[in-house]
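Please read the structure below before turning to the comments.
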Amino acid sequence: MTQLNPADSAFVARLAANLPEGVLSQAELRYLSEPRGLYHGQAGALARPRSTDDVATLIRHAAAARVPVVPYGGGTGLVGGQVAWDGPAPLVISLERMTATRGLDPLAGTLTVEAGTILADVQARAEEAGKLFPLSLASEGSARIGGLLSTNAGGVNVLRYGNARDLVLGIEAVLPTGEVLHGLKGLRKDNLGYDLRHLLIGAEGTLGIITAACLRLVPRPAEQATALIVVDSPADALRLLDLARDLVGDGLSAFELIARAGLEFLDEVGPEVRQPFADKPDWMCLIDLGLPKGQSAGEALMTLFEAAADSGLVQDGLISRSEAQRQEFWAIRESIPEANKRVGAISSHDISVPIGAIPDFLAQGRQSVAHLGPVRINAFGHLGDGNLHYNVFPPVGDAREDWLDRREEVKGLIHDLVHRMGGSVSAEHGVGRLKVGDLERYGDLASLAAMRAIKAALDPVGIMNPGAVLRAE
(Lines give C-alpha, C1' and ligand atoms only; values in the text may rest on other atoms or scores of the structure.)
Protein backbone atom coordinates (compact mmCIF):
# COMPACT_ATOMS: atom_id res chain seq x y z
CA MET A 1 0.00 0.00 0.00
CA THR A 2 1.03 3.60 -0.59
CA GLN A 3 2.78 5.70 2.04
CA LEU A 4 0.19 7.79 3.87
CA ASN A 5 0.42 11.45 4.81
CA PRO A 6 -0.76 13.25 7.97
CA ALA A 7 -3.88 15.43 8.07
CA ASP A 8 -1.74 18.56 8.33
CA SER A 9 -2.77 22.21 8.22
CA ALA A 10 -2.45 22.45 4.43
CA PHE A 11 -4.75 19.44 3.95
CA VAL A 12 -7.26 20.81 6.45
CA ALA A 13 -7.27 24.17 4.66
CA ARG A 14 -8.06 22.48 1.33
CA LEU A 15 -10.84 20.50 2.98
CA ALA A 16 -12.36 23.56 4.61
CA ALA A 17 -12.65 25.29 1.24
CA ASN A 18 -14.87 22.47 -0.02
CA LEU A 19 -17.08 21.88 3.03
CA PRO A 20 -19.83 23.80 4.85
CA GLU A 21 -18.64 25.92 7.74
CA GLY A 22 -18.32 24.16 11.08
CA VAL A 23 -17.63 20.66 9.77
CA LEU A 24 -13.93 20.75 10.69
CA SER A 25 -12.35 21.36 14.07
CA GLN A 26 -9.59 20.19 16.36
CA ALA A 27 -10.25 16.80 17.94
CA GLU A 28 -11.15 16.93 21.62
CA LEU A 29 -9.70 14.30 23.94
CA ARG A 30 -12.93 12.32 24.00
CA TYR A 31 -12.41 11.43 20.31
CA LEU A 32 -8.94 10.11 21.04
CA SER A 33 -9.64 7.60 23.79
CA GLU A 34 -11.57 4.41 24.41
CA PRO A 35 -13.65 3.24 27.40
CA ARG A 36 -10.96 1.24 29.18
CA GLY A 37 -8.38 4.02 28.98
CA LEU A 38 -5.81 1.58 27.61
CA TYR A 39 -5.10 3.44 24.39
CA HIS A 40 -4.90 7.07 23.35
CA GLY A 41 -5.10 8.11 19.76
CA GLN A 42 -4.07 11.07 17.65
CA ALA A 43 -5.75 13.20 15.02
CA GLY A 44 -4.76 15.97 12.64
CA ALA A 45 -8.36 17.16 12.52
CA LEU A 46 -11.91 16.18 13.42
CA ALA A 47 -14.74 16.25 10.90
CA ARG A 48 -18.38 16.17 11.94
CA PRO A 49 -20.31 15.98 8.65
CA ARG A 50 -24.01 16.71 8.42
CA SER A 51 -24.77 14.72 5.28
CA THR A 52 -23.62 11.84 3.12
CA ASP A 53 -22.39 14.38 0.56
CA ASP A 54 -20.14 15.85 3.26
CA VAL A 55 -18.74 12.39 4.02
CA ALA A 56 -18.13 11.74 0.32
CA THR A 57 -16.27 15.04 0.00
CA LEU A 58 -14.11 14.19 3.00
CA ILE A 59 -13.20 10.76 1.64
CA ARG A 60 -12.47 12.01 -1.89
CA HIS A 61 -10.01 14.58 -0.56
CA ALA A 62 -8.45 12.10 1.87
CA ALA A 63 -7.93 9.59 -0.95
CA ALA A 64 -6.40 12.22 -3.20
CA ALA A 65 -4.03 13.38 -0.46
CA ARG A 66 -3.38 9.86 0.88
CA VAL A 67 -4.52 10.88 4.35
CA PRO A 68 -5.72 8.13 6.73
CA VAL A 69 -9.31 8.24 7.94
CA VAL A 70 -10.59 6.91 11.27
CA PRO A 71 -14.40 6.63 11.53
CA TYR A 72 -15.83 7.40 14.97
CA GLY A 73 -19.25 6.27 16.20
CA GLY A 74 -20.20 6.42 19.86
CA GLY A 75 -16.68 5.64 21.04
CA THR A 76 -17.84 2.56 22.97
CA GLY A 77 -15.72 -0.03 21.17
CA LEU A 78 -13.43 -2.14 23.34
CA VAL A 79 -10.77 -3.22 20.83
CA GLY A 80 -9.29 0.12 19.78
CA GLY A 81 -10.95 0.34 16.38
CA GLN A 82 -11.88 4.00 16.92
CA VAL A 83 -8.44 5.30 17.94
CA ALA A 84 -5.19 5.32 15.94
CA TRP A 85 -2.16 5.56 18.18
CA ASP A 86 0.55 5.28 15.55
CA GLY A 87 1.22 6.24 11.95
CA PRO A 88 0.46 9.61 10.35
CA ALA A 89 -2.08 11.75 12.23
CA PRO A 90 -5.47 10.82 10.68
CA LEU A 91 -8.63 12.67 9.86
CA VAL A 92 -11.20 11.49 12.42
CA ILE A 93 -14.75 11.46 11.03
CA SER A 94 -17.56 11.43 13.60
CA LEU A 95 -21.10 10.88 12.32
CA GLU A 96 -22.72 12.25 15.49
CA ARG A 97 -24.57 14.99 13.55
CA MET A 98 -26.13 12.52 11.11
CA THR A 99 -29.14 11.43 13.17
CA ALA A 100 -32.09 11.86 10.82
CA THR A 101 -34.83 9.27 10.42
CA ARG A 102 -35.21 8.84 6.67
CA GLY A 103 -38.14 6.49 6.68
CA LEU A 104 -40.47 4.38 8.81
CA ASP A 105 -42.81 1.74 7.46
CA PRO A 106 -44.53 -0.21 10.26
CA LEU A 107 -46.35 -2.46 7.79
CA ALA A 108 -43.14 -3.46 6.09
CA GLY A 109 -41.35 -3.53 9.43
CA THR A 110 -38.54 -1.18 8.41
CA LEU A 111 -36.89 1.89 9.92
CA THR A 112 -34.27 3.82 7.97
CA VAL A 113 -31.92 5.98 10.03
CA GLU A 114 -28.64 7.75 9.57
CA ALA A 115 -25.52 6.22 11.06
CA GLY A 116 -25.11 8.70 13.90
CA THR A 117 -28.41 7.74 15.50
CA ILE A 118 -27.98 6.40 19.04
CA LEU A 119 -29.27 2.86 19.53
CA ALA A 120 -31.63 3.87 22.36
CA ASP A 121 -33.24 6.41 20.02
CA VAL A 122 -33.71 3.73 17.37
CA GLN A 123 -35.38 1.52 19.96
CA ALA A 124 -37.66 4.41 21.01
CA ARG A 125 -38.71 5.15 17.41
CA ALA A 126 -39.50 1.51 16.86
CA GLU A 127 -41.56 1.43 20.06
CA GLU A 128 -43.52 4.51 18.98
CA ALA A 129 -44.48 2.56 15.86
CA GLY A 130 -45.58 -0.42 17.95
CA LYS A 131 -42.54 -2.47 16.91
CA LEU A 132 -39.27 -3.67 18.40
CA PHE A 133 -35.71 -3.16 17.26
CA PRO A 134 -34.18 -6.00 19.26
CA LEU A 135 -30.48 -5.08 19.24
CA SER A 136 -29.75 -4.42 22.92
CA LEU A 137 -26.52 -3.99 24.85
CA ALA A 138 -25.14 -2.15 27.85
CA SER A 139 -23.88 0.85 25.87
CA GLU A 140 -27.14 1.46 23.98
CA GLY A 141 -27.44 4.95 25.46
CA SER A 142 -24.34 6.13 23.63
CA ALA A 143 -23.48 3.56 20.93
CA ARG A 144 -24.43 4.69 17.41
CA ILE A 145 -25.88 2.61 14.60
CA GLY A 146 -22.97 3.13 12.23
CA GLY A 147 -20.45 1.84 14.75
CA LEU A 148 -22.69 -1.03 15.81
CA LEU A 149 -23.06 -2.20 12.23
CA SER A 150 -19.40 -1.71 11.40
CA THR A 151 -18.53 -4.09 14.26
CA ASN A 152 -21.53 -6.41 13.76
CA ALA A 153 -22.49 -5.94 17.41
CA GLY A 154 -24.11 -8.78 19.36
CA GLY A 155 -25.81 -8.08 22.68
CA VAL A 156 -28.25 -9.98 24.82
CA ASN A 157 -30.88 -10.90 22.21
CA VAL A 158 -28.69 -12.72 19.67
CA LEU A 159 -30.19 -16.05 20.70
CA ARG A 160 -33.56 -15.03 19.26
CA TYR A 161 -32.91 -12.25 16.76
CA GLY A 162 -29.32 -12.67 15.63
CA ASN A 163 -26.37 -10.28 15.45
CA ALA A 164 -26.56 -6.75 14.05
CA ARG A 165 -26.14 -7.93 10.47
CA ASP A 166 -29.29 -10.04 10.81
CA LEU A 167 -31.28 -6.87 11.55
CA VAL A 168 -30.22 -4.88 8.48
CA LEU A 169 -31.99 -4.93 5.12
CA GLY A 170 -29.88 -2.31 3.38
CA ILE A 171 -27.15 0.24 3.86
CA GLU A 172 -25.84 3.43 2.35
CA ALA A 173 -22.08 3.84 2.54
CA VAL A 174 -19.24 5.96 1.24
CA LEU A 175 -16.52 3.84 -0.34
CA PRO A 176 -12.78 4.61 -0.17
CA THR A 177 -12.98 6.39 -3.53
CA GLY A 178 -15.64 8.80 -2.25
CA GLU A 179 -18.33 7.08 -4.31
CA VAL A 180 -21.65 6.47 -2.55
CA LEU A 181 -23.11 2.98 -2.40
CA HIS A 182 -26.90 3.40 -2.52
CA GLY A 183 -28.41 0.29 -0.96
CA LEU A 184 -31.36 1.36 1.17
CA LYS A 185 -34.07 -0.56 -0.71
CA GLY A 186 -35.16 -2.52 2.33
CA LEU A 187 -35.86 -5.67 0.33
CA ARG A 188 -36.02 -9.10 1.94
CA LYS A 189 -34.96 -10.67 -1.34
CA ASP A 190 -32.38 -9.12 -3.66
CA ASN A 191 -29.94 -11.43 -5.44
CA LEU A 192 -28.71 -8.90 -7.99
CA GLY A 193 -25.01 -9.58 -7.58
CA TYR A 194 -22.74 -9.62 -4.55
CA ASP A 195 -24.27 -8.64 -1.23
CA LEU A 196 -22.04 -5.66 -0.43
CA ARG A 197 -24.14 -4.89 2.62
CA HIS A 198 -22.69 -7.87 4.46
CA LEU A 199 -19.19 -7.07 3.25
CA LEU A 200 -19.29 -3.62 4.87
CA ILE A 201 -21.11 -4.74 8.02
CA GLY A 202 -18.42 -6.03 10.35
CA ALA A 203 -15.57 -4.45 8.36
CA GLU A 204 -14.92 -1.92 11.15
CA GLY A 205 -14.63 1.03 8.79
CA THR A 206 -11.76 -0.49 6.80
CA LEU A 207 -13.73 -0.77 3.54
CA GLY A 208 -15.88 2.36 3.76
CA ILE A 209 -18.09 4.39 6.08
CA ILE A 210 -21.70 3.37 6.64
CA THR A 211 -23.82 6.53 6.54
CA ALA A 212 -27.37 5.12 6.82
CA ALA A 213 -29.15 1.81 7.27
CA CYS A 214 -32.56 0.30 6.65
CA LEU A 215 -33.24 -1.71 9.79
CA ARG A 216 -35.57 -4.65 10.29
CA LEU A 217 -38.23 -4.23 12.96
CA VAL A 218 -40.03 -7.15 14.59
CA PRO A 219 -43.32 -7.49 16.50
CA ARG A 220 -43.12 -6.48 20.15
CA PRO A 221 -43.70 -9.40 22.51
CA ALA A 222 -47.01 -8.80 24.27
CA GLU A 223 -46.04 -10.77 27.35
CA GLN A 224 -42.54 -10.67 28.87
CA ALA A 225 -41.04 -12.15 31.99
CA THR A 226 -37.59 -12.91 33.33
CA ALA A 227 -36.35 -15.57 35.72
CA LEU A 228 -33.20 -16.02 37.77
CA ILE A 229 -32.64 -19.73 38.22
CA VAL A 230 -29.89 -21.26 40.33
CA VAL A 231 -27.99 -24.25 38.89
CA ASP A 232 -25.13 -26.34 40.25
CA SER A 233 -22.86 -26.10 37.25
CA PRO A 234 -22.46 -24.80 33.69
CA ALA A 235 -23.29 -28.30 32.48
CA ASP A 236 -26.66 -28.09 34.24
CA ALA A 237 -27.13 -24.61 32.76
CA LEU A 238 -26.74 -26.11 29.27
CA ARG A 239 -29.27 -28.81 30.06
CA LEU A 240 -31.64 -26.11 31.30
CA LEU A 241 -31.10 -24.20 28.03
CA ASP A 242 -31.99 -27.29 26.03
CA LEU A 243 -35.11 -27.82 28.12
CA ALA A 244 -36.11 -24.17 27.69
CA ARG A 245 -35.80 -24.45 23.91
CA ASP A 246 -38.00 -27.54 23.91
CA LEU A 247 -40.69 -25.91 26.07
CA VAL A 248 -40.84 -22.34 24.75
CA GLY A 249 -39.12 -22.46 21.36
CA ASP A 250 -38.80 -19.07 19.68
CA GLY A 251 -40.18 -17.33 22.76
CA LEU A 252 -36.74 -17.58 24.36
CA SER A 253 -35.19 -14.12 23.94
CA ALA A 254 -32.10 -14.40 26.15
CA PHE A 255 -30.29 -16.98 28.23
CA GLU A 256 -27.42 -15.54 30.28
CA LEU A 257 -24.96 -17.30 32.55
CA ILE A 258 -23.91 -15.43 35.71
CA ALA A 259 -21.11 -16.56 38.03
CA ARG A 260 -20.72 -16.00 41.74
CA ALA A 261 -17.64 -13.85 41.11
CA GLY A 262 -19.74 -11.25 39.33
CA LEU A 263 -22.16 -11.04 42.24
CA GLU A 264 -19.27 -10.66 44.68
CA PHE A 265 -17.75 -7.88 42.58
CA LEU A 266 -21.07 -6.01 42.73
CA ASP A 267 -20.93 -6.14 46.52
CA GLU A 268 -17.26 -5.18 46.53
CA VAL A 269 -17.24 -2.18 44.18
CA GLY A 270 -20.79 -1.64 42.89
CA PRO A 271 -22.82 -0.52 41.07
CA GLU A 272 -25.30 -1.03 43.86
CA VAL A 273 -28.08 -3.35 42.76
CA ARG A 274 -30.54 -5.48 44.66
CA GLN A 275 -29.42 -9.11 44.73
CA PRO A 276 -32.33 -11.47 45.36
CA PHE A 277 -30.50 -14.46 46.86
CA ALA A 278 -29.18 -14.15 50.42
CA ASP A 279 -26.65 -16.92 49.73
CA LYS A 280 -24.87 -16.14 46.50
CA PRO A 281 -25.08 -19.11 44.12
CA ASP A 282 -22.00 -20.35 42.29
CA TRP A 283 -23.96 -20.21 39.02
CA MET A 284 -27.31 -18.88 37.95
CA CYS A 285 -29.10 -18.31 34.68
CA LEU A 286 -31.05 -15.25 33.65
CA ILE A 287 -33.80 -16.36 31.27
CA ASP A 288 -35.94 -13.88 29.35
CA LEU A 289 -39.14 -14.80 27.51
CA GLY A 290 -41.26 -12.78 25.12
CA LEU A 291 -44.56 -14.27 24.00
CA PRO A 292 -47.56 -13.22 21.86
CA LYS A 293 -50.79 -11.87 23.31
CA GLY A 294 -52.80 -14.50 25.11
CA GLN A 295 -49.80 -16.43 26.37
CA SER A 296 -48.37 -15.87 29.83
CA ALA A 297 -44.59 -15.57 29.93
CA GLY A 298 -44.67 -15.93 33.72
CA GLU A 299 -46.60 -19.18 33.52
CA ALA A 300 -44.26 -20.49 30.83
CA LEU A 301 -41.28 -19.79 33.07
CA MET A 302 -43.00 -21.51 35.97
CA THR A 303 -43.61 -24.57 33.78
CA LEU A 304 -39.93 -24.52 32.83
CA PHE A 305 -38.84 -24.22 36.45
CA GLU A 306 -41.05 -27.09 37.56
CA ALA A 307 -39.85 -29.34 34.74
CA ALA A 308 -36.22 -28.46 35.53
CA ALA A 309 -36.79 -29.11 39.23
CA ASP A 310 -38.32 -32.50 38.46
CA SER A 311 -35.19 -33.29 36.43
CA GLY A 312 -32.90 -32.21 39.26
CA LEU A 313 -31.40 -29.34 37.21
CA VAL A 314 -32.26 -26.37 39.41
CA GLN A 315 -31.84 -25.53 43.08
CA ASP A 316 -33.77 -22.28 43.47
CA GLY A 317 -35.28 -19.57 41.36
CA LEU A 318 -37.32 -16.40 41.07
CA ILE A 319 -39.73 -15.31 38.35
CA SER A 320 -40.51 -11.64 37.80
CA ARG A 321 -44.01 -10.59 38.82
CA SER A 322 -43.85 -7.11 37.31
CA GLU A 323 -41.91 -5.13 34.74
CA ALA A 324 -40.10 -3.34 37.55
CA GLN A 325 -38.92 -6.64 39.01
CA ARG A 326 -37.93 -7.83 35.55
CA GLN A 327 -35.74 -4.77 35.16
CA GLU A 328 -34.24 -5.43 38.60
CA PHE A 329 -33.16 -8.87 37.42
CA TRP A 330 -31.63 -7.45 34.26
CA ALA A 331 -29.87 -4.72 36.25
CA ILE A 332 -27.78 -7.41 37.94
CA ARG A 333 -26.55 -8.76 34.61
CA GLU A 334 -26.02 -5.35 33.02
CA SER A 335 -24.07 -4.00 36.01
CA ILE A 336 -21.47 -6.75 36.00
CA PRO A 337 -19.31 -5.22 33.19
CA GLU A 338 -19.04 -1.97 35.17
CA ALA A 339 -18.10 -3.91 38.30
CA ASN A 340 -15.41 -5.72 36.31
CA LYS A 341 -14.06 -2.39 35.15
CA ARG A 342 -13.90 -1.07 38.71
CA VAL A 343 -12.08 -4.15 39.99
CA GLY A 344 -9.66 -4.04 37.05
CA ALA A 345 -8.88 -7.16 35.04
CA ILE A 346 -5.44 -8.45 34.22
CA SER A 347 -6.85 -9.59 30.89
CA SER A 348 -10.39 -9.54 29.44
CA HIS A 349 -11.56 -11.89 26.73
CA ASP A 350 -14.59 -11.74 24.42
CA ILE A 351 -14.67 -15.34 23.23
CA SER A 352 -17.01 -17.95 21.82
CA VAL A 353 -16.77 -21.71 21.81
CA PRO A 354 -19.18 -24.40 20.63
CA ILE A 355 -22.01 -24.34 23.14
CA GLY A 356 -21.56 -27.95 24.17
CA ALA A 357 -17.90 -27.29 24.96
CA ILE A 358 -18.54 -24.48 27.44
CA PRO A 359 -18.33 -26.59 30.65
CA ASP A 360 -15.00 -28.09 29.55
CA PHE A 361 -13.71 -24.67 28.50
CA LEU A 362 -14.54 -23.18 31.89
CA ALA A 363 -12.84 -26.03 33.73
CA GLN A 364 -9.75 -26.01 31.52
CA GLY A 365 -9.57 -22.22 31.57
CA ARG A 366 -9.23 -22.21 35.33
CA GLN A 367 -6.59 -24.91 35.18
CA SER A 368 -4.61 -23.01 32.54
CA VAL A 369 -4.07 -20.00 34.83
CA ALA A 370 -3.85 -21.85 38.16
CA HIS A 371 -0.06 -21.62 38.21
CA LEU A 372 -0.34 -17.83 38.48
CA GLY A 373 -1.72 -18.10 41.99
CA PRO A 374 -5.13 -17.25 43.46
CA VAL A 375 -6.29 -15.10 40.53
CA ARG A 376 -10.01 -14.50 40.30
CA ILE A 377 -12.08 -15.40 37.24
CA ASN A 378 -15.41 -13.90 36.26
CA ALA A 379 -16.88 -15.84 33.34
CA PHE A 380 -20.36 -14.73 32.31
CA GLY A 381 -22.39 -13.88 29.27
CA HIS A 382 -24.55 -15.14 26.48
CA LEU A 383 -24.72 -18.88 27.09
CA GLY A 384 -27.45 -19.29 24.49
CA ASP A 385 -25.13 -18.34 21.64
CA GLY A 386 -21.84 -19.57 23.07
CA ASN A 387 -20.37 -16.11 23.73
CA LEU A 388 -18.68 -15.67 27.11
CA HIS A 389 -16.84 -12.73 28.62
CA TYR A 390 -13.96 -14.47 30.35
CA ASN A 391 -12.05 -12.09 32.58
CA VAL A 392 -9.05 -12.80 34.83
CA PHE A 393 -8.44 -10.55 37.85
CA PRO A 394 -5.64 -10.15 40.40
CA PRO A 395 -5.92 -11.92 43.76
CA VAL A 396 -7.74 -10.08 46.53
CA GLY A 397 -5.55 -7.24 47.79
CA ASP A 398 -3.36 -7.01 44.66
CA ALA A 399 -3.54 -4.04 42.29
CA ARG A 400 -4.18 -4.58 38.61
CA GLU A 401 -1.07 -2.57 37.76
CA ASP A 402 1.10 -5.12 39.57
CA TRP A 403 -0.07 -7.85 37.19
CA LEU A 404 0.02 -6.12 33.82
CA ASP A 405 3.35 -7.74 32.97
CA ARG A 406 1.45 -11.07 32.94
CA ARG A 407 -1.31 -9.79 30.66
CA GLU A 408 0.04 -11.22 27.40
CA GLU A 409 0.73 -14.54 29.08
CA VAL A 410 -2.83 -14.78 30.40
CA LYS A 411 -4.28 -13.70 27.08
CA GLY A 412 -2.23 -16.29 25.22
CA LEU A 413 -3.26 -19.10 27.57
CA ILE A 414 -6.97 -18.36 27.21
CA HIS A 415 -6.91 -17.64 23.48
CA ASP A 416 -4.89 -20.77 22.75
CA LEU A 417 -7.47 -22.81 24.65
CA VAL A 418 -10.33 -21.18 22.75
CA HIS A 419 -8.61 -21.93 19.45
CA ARG A 420 -7.96 -25.56 20.37
CA MET A 421 -11.65 -25.97 21.20
CA GLY A 422 -12.77 -24.63 17.82
CA GLY A 423 -13.87 -21.22 19.07
CA SER A 424 -13.24 -17.59 18.24
CA VAL A 425 -11.16 -15.06 20.19
CA SER A 426 -13.45 -12.27 18.97
CA ALA A 427 -17.10 -13.12 19.48
CA GLU A 428 -18.89 -9.77 19.36
CA HIS A 429 -16.46 -6.91 19.95
CA GLY A 430 -14.56 -7.11 16.68
CA VAL A 431 -10.83 -7.07 15.93
CA GLY A 432 -10.01 -3.37 15.97
CA ARG A 433 -6.32 -2.72 16.53
CA LEU A 434 -6.13 -4.72 19.74
CA LYS A 435 -6.62 -8.15 18.11
CA VAL A 436 -4.79 -7.76 14.80
CA GLY A 437 -2.11 -10.15 16.03
CA ASP A 438 -4.76 -12.60 17.19
CA LEU A 439 -6.35 -12.60 13.73
CA GLU A 440 -2.96 -13.36 12.21
CA ARG A 441 -2.24 -16.08 14.76
CA TYR A 442 -5.57 -17.86 14.82
CA GLY A 443 -7.20 -16.90 11.52
CA ASP A 444 -7.54 -19.29 8.60
CA LEU A 445 -4.81 -18.55 6.03
CA ALA A 446 -7.18 -18.63 3.08
CA SER A 447 -9.59 -16.27 4.86
CA LEU A 448 -6.76 -13.87 5.68
CA ALA A 449 -5.60 -13.85 2.06
CA ALA A 450 -9.14 -13.12 0.89
CA MET A 451 -9.50 -10.28 3.41
CA ARG A 452 -6.26 -8.71 2.24
CA ALA A 453 -7.30 -9.03 -1.40
CA ILE A 454 -10.65 -7.36 -0.69
CA LYS A 455 -8.95 -4.55 1.22
CA ALA A 456 -6.47 -3.97 -1.61
CA ALA A 457 -9.22 -3.98 -4.24
CA LEU A 458 -11.57 -1.56 -2.48
CA ASP A 459 -9.01 0.59 -0.69
CA PRO A 460 -5.80 0.42 -2.73
CA VAL A 461 -4.36 3.58 -1.13
CA GLY A 462 -5.08 2.14 2.33
CA ILE A 463 -6.70 5.23 3.86
CA MET A 464 -9.65 3.55 5.59
CA ASN A 465 -8.96 2.94 9.28
CA PRO A 466 -5.40 1.70 8.64
CA GLY A 467 -4.13 -0.72 11.24
CA ALA A 468 -7.61 -1.93 12.20
CA VAL A 469 -8.52 -5.57 11.47
CA LEU A 470 -5.55 -5.97 9.11
CA ARG A 471 -2.03 -4.81 9.86
CA ALA A 472 -1.14 -1.61 7.99
CA GLU A 473 1.45 -2.26 5.29
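The values are calculated or read from the model by the stated rules, or taken from the named source; none is laboratory data. Just so you know, these numbers come straight off a predicted model, no measurement behind them. FYI the Cβ positions are ideal-geometry reconstructions off the backbone, even for glycines, and counts take in every protein chain you see. Surface areas here come from the heavy atoms of the whole protein model, side chains and all, with no ligands, DNA or RNA. Shrake-Rupley method; radii C 1.70, N 1.55, O 1.52, S 1.80 Å.
Inspect region 225-235 for any residue being touching a Lys or Arg at 6+ places or on another chain (Cβ under 7 Å), farther than 18 Å from Leu388 by Cβ and open to solvent by less than 20 Å² (accessible area, probe 1.4 Å) and give the result as yes or no.
yes
Quick check on my filter: what residues within region 370-399 are at pLDDT 95 or above, among the small types (Gly, Ala, Ser) and either part of a loop (DSSP other than H, G, I, E, B) or open to solvent by 20 Å² or more (accessible area, probe 1.4 Å) (or both)?
Of everything in region 370-399, those that are at pLDDT 95 or above, among the small types (Gly, Ala, Ser) and either part of a loop (DSSP other than H, G, I, E, B) or open to solvent by 20 Å² or more (accessible area, probe 1.4 Å) (or both) turn out to be Ala370, Gly373, Gly386.
Of all strands (runs of 3 or more DSSP E) completely enclosed by region 1-120, which ones contain at least 1 residues that are open to solvent by 40 Å² or more (accessible area, probe 1.4 Å)? Quick ask: steps written out before the conclusion?
On the way: elements: 45-47, 69-72, 91-94, 101-105, 110-114.
The strands (runs of 3 or more DSSP E) meeting that bar are 101-105.
Only one of these conditions is not met by Ile209: (1) hydrophobic (A, V, I, L, M, F, W, C); (2) under 25 Å from the mean Cα position of the chain (by Cα); (3) within 20 Å of Phe380 (Cα to Cα); (4) open to solvent by less than 10 Å² (accessible area, probe 1.4 Å). Which number is it?
All conditions pass for Ile209, except number (3).
For residues in region 169-191 being hydrophobic (A, V, I, L, M, F, W, C), free of Cβ contacts under 8 Å to residues at least 40 places away in the same chain and out of contact with any Gly (no Cβ under 6 Å at 6 or more places or on another chain), which is most open to solvent (accessible area, probe 1.4 Å)?
Among those residues, the one meeting the criterion is Leu187.
Among the numbered conditions (1) hydroxyl-bearing (Ser, Thr, Tyr); (2) open to solvent by 10 Å² or more (accessible area, probe 1.4 Å); (3) under 30 Å from Ala357 (Cα atoms), tell me where Tyr194 comes up short.
If we test Tyr194 against (1) hydroxyl-bearing (Ser, Thr, Tyr); (2) open to solvent by 10 Å² or more (accessible area, probe 1.4 Å); (3) under 30 Å from Ala357 (Cα atoms), just (3) comes out false.
For Asp310, work out the one condition from (1) under 24 Å from Val79 (Cα atoms); (2) open to solvent by 80 Å² or more (accessible area, probe 1.4 Å) it doesn't fulfil.
The one condition Asp310 does not meet is (1).
Starting from region 440-453, keep only residues that are farther than 18 Å from Gly423 by Cα, then list their pairs with residues that are open to solvent by less than 70 Å² (accessible area, probe 1.4 Å) whose Cβ atoms are within a distance under 7 Å, requiring at least 6 positions of separation or different chains.
Within 7 Å, the pairs are Met451/Leu470; Arg452/Leu470.
All but one of (1) in a helix (DSSP H, G or I); (2) crowded, with 21+ Cβ neighbours inside 10 Å hold for Val431; which doesn't?
(1)
Can you find a residue in region 199-208 that is part of a strand (DSSP E or B) and modelled with pLDDT of 95 or more?
Initial filter on region 199-208 (part of a strand (DSSP E or B)): none.
No; the residues of region 199-208 include none that is part of a strand (DSSP E or B) and modelled with pLDDT of 95 or more.
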